[in-house]
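The values are calculated or read from the model by the stated rules, or taken from the named source; none is laboratory data. Please read these numbers as outputs of a predicted model, since none were measured by experiment. Quick reminder, even Gly has a Cβ in these numbers, built from the backbone with ideal geometry, and neighbours come from all protein chains shown.
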Amino acid sequence: MIVNNANSFSTYPTNRVCGIFDNSMDARSALDALLEQGIVEKNIDIFHGAEGSDILDAGGERHGLAAKIATQLRAYGDMENGILRSYEEAMLHGSYLFEVKAETDEIKESVEQILSRHGAHSINYFGPWYVEAMHEA
């Protein structure tokens, strides 16, 4: 399991189901379940702590001008920025953020069910032009 892969930075987690785990045991069991379901490890990004927050960089401050511009453009739909900032805050308090690539509705639903079953909260799907709240608690 690779955590905080700096190469995983993107200005927006397009086609990804994202969720927060508050402890490493739940995060590990969810990862195992995702892999057992056939989700390829390269399609799973996990971020944790201050380093994870720096990589996520919801404000675009640490990844250059293009990231800053993308963040400003996203500000018109501020829901995305708010969610990403809440993910950063959770990581700074010790939680784990999962970003799982889901290019079909079937994969999206399967990932959401696995994350939810293993204790994730704040589960959202980031489509190309929208965010779908999948599971709050």
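Below, the figures for the structure above:
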read-out	value
Test for residue 42: is it in a helix (DSSP H, G or I), of a type in the set (Lys, Arg), surrounded by 13 or more Cβ atoms within 10 Å (Cβ to Cβ) and at pLDDT below 95	no
Residue identified as among the β-branched types (Val, Ile, Thr), surrounded by fewer than 13 Cβ atoms within 10 Å (Cβ to Cβ) and either over 22 Å from residue 118 (Cβ atoms) or at pLDDT below 75 (or both) among 69, 55	69
